[in-house]
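Student: What follows is a structure written as structure tokens; I'll ask about it next.
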Amino acid sequence: MDTKVEYLDSNMPNNEIIKKAGEVIREGGLVAFPTETVYGLGANALDEEAVKKIFIAKGRPQDNPLIVHVASTEIDDLVEEIPDIARKLMDKFWPGPLTLIMKKSSKIPYVTSAGLDTIGIRMPSNAVANKLIKESGVPIAAPSANISGKPSPTNIERCIEDLLGKVDYIIGGEVCNVGLESTIVDCTVEPPCVLRPGGVTLEMLKEIHKDIYIDPAIMKKPEGDFRPKAPGMKYRHYAPKAPVKIISGNLQKTIAKINEMVQNYMDTGKTVGIMATDESIKNYPKGIVKSLGSRKDLRNIGKNLFKTLREFDDENVDIILSEAFEEKGIGIAVMNRLKKSAGFDITYIND
Ligand code: TXA
Ligand code: MG
């Protein structure tokens with residue numbers, strides 16, 4: 001398939017290009033586009049055949065439901081009812097990185113919800129995404145625009161790398177602001193439950209409902225019945241080619257441990273990547289070292305995480321060693337993605 005690539009961003013949203021991309025969606029095609037979280041791979045959410053193409057292009061398991069993207073809070077025809085809590089969360093956090101799970105209406109085909117009676121809906125704040133949805137005139141089903149299993153693309157180059165030849169259109173150019181996928185809140189249960197942490201943090205959600213909690217299964221290795229509630233959270237995910245290992249503990253001891261591991265791997269002829277921070281980068285004399293940013297700005301670390309994981313792919317490293325972050329605020333989302341990319345391989349160093 002010929003994929004058309006068009007560069008534009010929120011500051012210069014070329015309306016003609018967005019109009020054409022909207023037409024492609026309306027006619028049942030696939031368009032990759034930027035959002036404030038990660039790039040999405042969109043199709044008309046109400047068109048079964050179009051949605052099926054998403055699963056094929058990504059190599060996505062069929063039991064993993066898609067998020068439906070809308071351009072306003074008028075979603076009555078997509079859901080059976082809007083629970084009070086969903087209304088409140090929408091009013092506070094839309095447009096933005098928050099997906100709300102509600103009971104779906106019959107308008108949403110089961111292909112989109114992967115057989116579930118519920119559907120995740122989100123209104124992105126990115127101007128290109130918003131215009132594209134409006135131009136297409138339909139809600140857009142869009143998973144992250146990566147090949148299944150890989151870290152989500154946070155810039156257009158990674159979209160092109162994964163999807164060229166597999167989709168009709170790739171539009172964008174800007175770097176995603178949040179860099180981590182949206183927070184997902186299940187609004188069909190009381191109290192509401194966070195199925196995936198993201199840019200809207202637990203602390204922010206608790207201001208709307210004090211009993212909101214995070215699905216405890218998502219921060220640990222899935223075992224037995226202790227499994228995440230969101231179908232997609234059970235898969236190995238966000239994984240670069242090389243295995244990732246996390247070293248967690250006091251920073252000085254972490255640095256010493258990582259340097260010791262680097263030496264051991266190098267002795268066996270391996271190329272080692274190190275995910276460091278601005279505070280530690282100078283303390284790693286060997287290996288390929290990249291900083292995620294300053295520990296003082298965890299949002300920026302979240303923004304750089306997927307980008308950096310994918311850069312290690314380009315370097316063809318054999319193993320990636322990463323520092324850990326405090327599981328607080330946006331740090332919960334950062335550590336959730338990092339742990340999943342590492343397949344929960346964490347070494348804890350006692351202080
Ligand atoms: O930020 C985002 O949400 C991005 C951008 C493109 O908007 N999209 C995204 O989609 O991350 P995807 O498909 O990569 O992740 C969707 C997640 C999966 O873990 C899926 O299992 C979960 O949402 N999900 C979707 N519908 C659900 C439902 N009805 N119940 C439970 N989990 C659901
Ligand atoms: Mg994804």
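The values are calculated or read from the model by the stated rules, or taken from the named source; none is laboratory data. Being a predicted model, the structure only gives us computed values, none of them experimental. For neighbour counting, all protein chains shown are included, and Cβ atoms are generated from backbone atoms with ideal geometry for every residue, glycine included. Heavy atoms of the whole protein, side chains included, go into the accessibility calculation; ligands, DNA and RNA do not. Shrake-Rupley method; radii C 1.70, N 1.55, O 1.52, S 1.80 Å.
Student: ³J(HN,Hα) across the range 51-67 via Karplus (A = 6.51, B = -1.76, C = 1.60, θ = phi - 60°), whole Hz, x for Gly/Pro?
Tutor: Residue by residue, the range 51-67 yields 5, 4, 4, 4, 4, 5, 4, 8, x, 8, x, 6, 8, 10, x, 9, 8 Hz.
Student: Once amide H atoms are built 1.01 Å from N in the peptide plane, which residues 5 or more positions from Gly173, or in another chain, come under 5 Å H to H?
Tutor: Sorted by chain and number, the residues that satisfy this are Leu8, Ile156.
Student: How big is the dipole moment of the chain about its Cα centre under a simple scheme where the beta carbon of each Lys and Arg is +1, that of each Asp and Glu is -1, and everything else is neutral? Debye, nearest 20, please.
Tutor: 700
Student: Further, regarding this structure: Can you bin every Cα-Cα distance in the chain into 10 Å intervals starting at zero and give me the percent of pairs per bin, rounded to whole numbers?
Tutor: 6, 26, 33, 23, 10, 2, 0
Student: Roughly what angle does helix 84-93 make with the longest principal axis of the chain, taking Cα atoms, 0 to 90 degrees, to the nearest 10?
Tutor: Its long axis makes an angle of about 70 degrees.
Student: Next up: Quick check: the distance between the Cα centres of the range 165-179 and the range 282-351, to the nearest angstrom?
Tutor: About 23 Å separates the Cα centre of the range 165-179 from the one of the range 282-351.
Student: Could you order Ser144, Ser113 by accessible surface area, starting with the largest, using a probe radius of 1.4 Å?
Tutor: Ser144, Ser113
Student: Another question about this same structure. Which pairs, out of Lys134/Lys340; Lys92/Lys290; Lys19/Lys92; Lys4/Lys339; Lys221/Lys253, put more than 27 Å between their alpha-carbon atoms?
Tutor: Exceeds cut-off: Lys134/Lys340; Lys92/Lys290; Lys19/Lys92; Lys4/Lys339.
Student: Percentage of Cα-Cα pair distances in the range 106-188 greater than 22 Å, rounded to whole percent?
Tutor: 34
Student: Would you mind calculating the gained length between Thr271 and Leu164 on full extension (0.36 nm times residue separation, minus the Cα-Cα distance), in nm to one decimal?
Tutor: 35.6 nm
Student: Additional query: Pick out which of Gly120, Gly137, Gly198 has the largest mean-square fluctuation in a Gaussian network model of the chain, springs linking Cα atoms closer than 10 Å.
Tutor: Gly137
Student: Looking at the range 4-219 only, what percent of DSSP beta bridges run antiparallel? Nearest 5 please.
Tutor: Around 50 percent antiparallel, to the nearest 5.
Student: Report ³J(HN,Hα) in whole Hz for each residue of the range 129-138, in order, from the Karplus equation J = 6.51 cos²θ - 1.76 cosθ + 1.60 where θ = phi - 60°; Gly and Pro get x.
Tutor: Values, residue by residue: 4, 4, 5, 4, 4, 4, 5, 5, x, 9 Hz.
Student: Using a basic spin-label model with each label point 7 Å from the Cα along Cα→Cβ, how many nm lie between Thr118 and Asp278?
Tutor: Between Thr118 and Asp278, the simple spin-label model gives 3.9 nm.
Student: Let me ask another. What residues have an amide H closer than 5 Å to that of Arg196, excluding those fewer than 5 places away on the same chain, when H is modeled at 1.01 Å from N in the peptide plane?
Tutor: Amide H neighbours of Arg196, under 5 Å, 5+ apart: Ile184.
Student: Projecting each Cα onto the charge dipole of the chain (Lys/Arg +1, Asp/Glu -1 at the beta carbon, about the Cα centre), which of Tyr39, Val262, Leu321 comes out farthest on the positive side?
Tutor: Val262
Student: Quick one: 3J(HN,Hα) in Hz for the range 270-282, Karplus 6.51/-1.76/1.60 with θ = phi - 60°, rounded, Gly and Pro as x.
Tutor: Going residue by residue, I get 8, 9, 10, x, 10, 8, 10, 10, 4, 6, 10, 3, 6 Hz, with x marking Gly and Pro.
Student: Among Ile208, Ala57, Ala129, which residue has its Cα furthest toward the positive end of the charge dipole of the range 4-219, with +1 on Lys/Arg Cβ and -1 on Asp/Glu Cβ?
Tutor: Ala57
Student: OK, next. Considering amide H positions built from the backbone, and no H for Pro or chain starts, which residues 5 or more places from Ser322, or on another chain, come under 5 Å of its amide H?
Tutor: Result for Ser322 returns Lys245, Ile246, Ile247, Met275.
Student: Report the FRET efficiency, 1/(1 + (r/R0)^6), for Glu81 and Phe344, where r is their Cβ-Cβ distance and R0 is 35 Å, rounded to 0.05.
Tutor: About 0.40, to the nearest 0.05.
Student: May I ask you to rank Thr254, Thr347 by accessible area, largest first, using a 1.4 Å probe over the protein chains only?
Tutor: Correct descending sequence by accessible area is Thr347, Thr254.
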